[in-house]
Amino acid sequence: MKNIVERTKKDGSPIKVLIVDDSIFITKQLNQILASAGYEVVGIANNGGEALELYQELSPNIDLVTMDITMPKMDGITALEKIIAFDKNAKVVMVTAIGKEDLVKKAILAGAKNFIIKPLDRTAILARLNAVCADLC
Ligand SMILES: [Mg+2]
């Protein structure tokens, strides 16, 4: 059965995503959810520094980033700021635990396109990501 939320770009290619989270449990979960909806996971980073490096390496062949906020070495907000400084059109969606509204607000002001709340809910995630990528499809 074809997944009703499956999305591809106008040229028929999959939306390319970089997943950033220091929790292997979360990266696995996101990877599974995104792959099941037709997204192509092109990289996984476990801290902000790795995320920035991978983004620069993969650019422009990257459409979307899911960015955890709390991570060691470089947090997600700093990584977001650096990615936006590198590519002002970057599509970054923050991933955060409930109750971090102040940090989410800060991230949105810094250029994040949307946010996802943990624990992860497949339907909610795909709705948010599809909305952020609507212009590509
Ligand atoms: Mg974390």
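One line per residue, one yes/no per condition, for (1) more than 21 Å from Glu50 (Cα to Cα); (2) over 14 Å from the mean Cα position of the chain (by Cα):
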{"residue": "Leu80", "(1), (2)": "no, no"}
{"residue": "Ile83", "(1), (2)": "no, no"}
{"residue": "Gly99", "(1), (2)": "yes, yes"}
{"residue": "Lys106", "(1), (2)": "yes, yes"}
{"residue": "Ala110", "(1), (2)": "no, yes"}
{"residue": "Thr123", "(1), (2)": "yes, yes"}
| Criterion: within 18 Å of Lys118 (Cβ to Cβ) and acidic (Asp, Glu) - qualifying residue of Asp68, Asp63 | Asp68
| request: Give the residues of segment 1-59 that are charged (D, E, K, R) and at pLDDT below 95, sorted by residue number. | output: Lys2, Glu6, Arg7, Lys9, Lys10, Asp11
| task | With the checklist (1) more than 13 Å from the ligand (Cβ to nearest atom); (2) over 19 Å from Asn114 (Cβ atoms) in hand, flag the one item Val41 doesn't pass. | result | (2)
| strands (runs of 3 or more DSSP E) completely within segment 37-137 that count 2 or more residues being more than 13 Å from Leu18 (Cβ to Cβ) and free of Cβ contacts under 8 Å to residues at least 40 places away in the same chain | 92-97, 114-118
| Filter result for Lys88 (of a type outside the set (A, V, I, L, M), under 24 Å from Leu136 (Cα atoms) and touching a helix residue (DSSP H, G or I) at 6+ places or on another chain (Cβ under 9 Å)) | no
| Tally time: how many residues in segment 18-36 are in a helix (DSSP H, G or I), within 14 Å of the ligand (Cβ to nearest atom) and of a type in the set (Ser, Thr, Tyr)? | 1
| For segment 55-70, how many residues are surrounded by fewer than 19 Cβ atoms within 10 Å (Cβ to Cβ) and more than 16 Å from the ligand (Cβ to nearest atom)? | 6
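The values are calculated or read from the model by the stated rules, or taken from the named source; none is laboratory data. As the structure is a computational prediction, the values presented were derived from the model and not from experiment. Quick reminder, even Gly has a Cβ in these numbers, built from the backbone with ideal geometry, and neighbours come from all protein chains shown.
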